[in-house]
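Colleague: Here it is: the structure, laid out below.
The values are calculated or read from the model by the stated rules, or taken from the named source; none is laboratory data. Values in this document were obtained by computation on a predicted structure and should not be read as measured data. All Cβ positions, glycine included, derive from the backbone under ideal geometry; neighbour counts span all protein chains shown. The accessibility values were calculated without ligands, DNA or RNA, using every heavy atom of the protein model including side chains. Shrake-Rupley method; radii C 1.70, N 1.55, O 1.52, S 1.80 Å.
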Amino acid sequence: MIVVFDGVCHLCSASVRFLLPRDPKRVLRYATMQSPAGRQILVRAGLDPDAVESFVFYDGQRCYTHSLAGIRV
(Lines give C-alpha, C1' and ligand atoms only; values in the text may rest on other atoms or scores of the structure.)
Protein backbone atom coordinates (compact mmCIF):
# COMPACT_ATOMS: atom_id res chain seq x y z
CA MET A 1 0.00 0.00 0.00
CA ILE A 2 1.39 3.33 -1.06
CA VAL A 3 0.54 6.88 -0.08
CA VAL A 4 1.33 9.32 -2.88
CA PHE A 5 1.51 12.88 -1.64
CA ASP A 6 2.56 16.32 -2.79
CA GLY A 7 6.09 16.77 -1.46
CA VAL A 8 5.78 20.56 -1.71
CA CYS A 9 2.53 20.78 0.27
CA HIS A 10 3.09 21.40 3.98
CA LEU A 11 -0.24 19.83 4.95
CA CYS A 12 0.52 16.69 2.91
CA SER A 13 3.98 16.38 4.45
CA ALA A 14 2.48 16.87 7.92
CA SER A 15 -0.01 14.10 7.18
CA VAL A 16 2.83 11.73 6.36
CA ARG A 17 4.65 12.72 9.55
CA PHE A 18 1.40 11.97 11.42
CA LEU A 19 1.07 8.53 9.81
CA LEU A 20 4.66 7.33 10.26
CA PRO A 21 4.59 6.67 14.03
CA ARG A 22 1.11 5.15 13.74
CA ASP A 23 2.30 2.46 11.35
CA PRO A 24 4.75 0.43 13.47
CA LYS A 25 4.56 -2.58 11.13
CA ARG A 26 5.50 -0.32 8.19
CA VAL A 27 2.58 -1.47 6.07
CA LEU A 28 2.46 1.85 4.23
CA ARG A 29 5.04 3.10 1.75
CA TYR A 30 5.32 6.72 0.66
CA ALA A 31 6.13 8.46 -2.63
CA THR A 32 5.91 12.09 -3.59
CA MET A 33 3.91 13.01 -6.67
CA GLN A 34 7.03 14.68 -8.01
CA SER A 35 9.13 11.50 -7.86
CA PRO A 36 9.41 9.05 -10.77
CA ALA A 37 7.81 6.30 -8.64
CA GLY A 38 4.91 8.51 -7.58
CA ARG A 39 4.28 9.70 -11.12
CA GLN A 40 4.36 6.11 -12.41
CA ILE A 41 1.75 5.01 -9.85
CA LEU A 42 -0.54 7.89 -10.80
CA VAL A 43 -0.19 7.21 -14.54
CA ARG A 44 -0.84 3.49 -14.02
CA ALA A 45 -4.00 4.40 -12.10
CA GLY A 46 -5.19 6.63 -14.94
CA LEU A 47 -4.53 9.90 -13.11
CA ASP A 48 -2.69 12.83 -14.66
CA PRO A 49 0.34 13.34 -12.38
CA ASP A 50 0.43 17.04 -13.26
CA ALA A 51 -3.22 17.63 -12.35
CA VAL A 52 -3.63 15.69 -9.10
CA GLU A 53 -4.49 18.07 -6.28
CA SER A 54 -5.02 15.51 -3.58
CA PHE A 55 -3.53 12.96 -1.29
CA VAL A 56 -3.66 9.57 -3.08
CA PHE A 57 -3.82 6.10 -1.56
CA TYR A 58 -2.97 3.12 -3.77
CA ASP A 59 -3.88 -0.28 -2.33
CA GLY A 60 -2.24 -2.28 -5.09
CA GLN A 61 -5.34 -2.38 -7.27
CA ARG A 62 -7.07 0.97 -7.03
CA CYS A 63 -6.23 4.59 -6.28
CA TYR A 64 -8.34 6.58 -3.86
CA THR A 65 -8.23 10.37 -3.70
CA HIS A 66 -9.44 13.19 -1.46
CA SER A 67 -11.24 12.22 1.74
CA LEU A 68 -11.75 8.62 0.60
CA ALA A 69 -7.96 8.23 0.51
CA GLY A 70 -7.73 9.43 4.09
CA ILE A 71 -10.48 7.06 5.20
CA ARG A 72 -8.80 4.10 3.48
CA VAL A 73 -5.43 4.85 5.10
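Colleague: Leaving out ligands, DNA and RNA, and with a 1.4 Å probe, what % of the accessible surface on the chain is carbon or sulfur? Mind dumping the intermediate values first?
Modeller: Numbers: 2690 of 4830 Å².
The C+S portion of the solvent-accessible surface of the chain is 56 percent.
Colleague: May I ask you to order 59-71, 29-41 by the average number of other C-beta atoms within 10 Å around their residues, highest value first?
Modeller: Working: 59-71: 12.8, 29-41: 16.3.
Taking the mean over residues of other Cβ atoms within 10 Å, the ranking is 29-41, 59-71.
Colleague: Restricting to the chain, what percent of DSSP beta bridges are antiparallel, rounded to 5?
Modeller: Values: 6 of 10 bridges.
Just about 60 percent of them are antiparallel.
Colleague: Just to check I understand the Karplus step: with θ = phi - 60° and J = 6.51 cos²θ - 1.76 cosθ + 1.60, what whole-Hz values come out for region 45-60, glycine and proline as x?
Modeller: In residue order, the calculated couplings are 8, x, 9, 7, x, 8, 10, 6, 10, 8, 6, 10, 10, 10, 9, x Hz.
Colleague: If you don't mind, there's one more thing I want to ask. Using helices alone, what [θ] at 222 nm do you get for the chain, with -39,500 (n - 2.57) per DSSP H run of 4 or more residues, divided over all residues and rounded to the nearest 500?
Modeller: Taking each H run of at least 4 residues, the total per residue is -10000 deg cm²/dmol.
Colleague: Rounded to the nearest whole Å², what accessible area per residue is found for the chain with the 1.4 Å probe? Mind showing how you got there, number by number?
Modeller: Numbers: 4830 Å² over 73 residues.
Heavy-atom accessible area per residue stands at 66 Å².
Colleague: Please work out whether region 1-67 counts as rounded, prolate or oblate from its C-alpha gyration tensor, where a ≥ b ≥ c are the square roots of the eigenvalues and a/c under 1.5 means rounded, while otherwise a/b larger than b/c means prolate and anything else oblate? The partial results should precede the final answer.
Modeller: Details: a/c = 1.86, a/b = 1.31, b/c = 1.42.
Judged from the Cα gyration tensor, region 1-67 comes out oblate (a/c at least 1.5, b/c at or above a/b).
Colleague: Tell me which of 52, 37, 18 sits at the most positive position along the dipole axis of region 5-55, charges placed on C-beta atoms (Lys, Arg +1; Asp, Glu -1).
Modeller: 18
Colleague: Within a Cβ distance under 15 Å of residue 60, other residues only, what is the Lys/Arg minus Asp/Glu net charge? Walk me through the intermediate numbers first.
Modeller: Numbers: positive: 29, 44, 62, 72; negative: 59.
Here the charged neighbours net out to +3.
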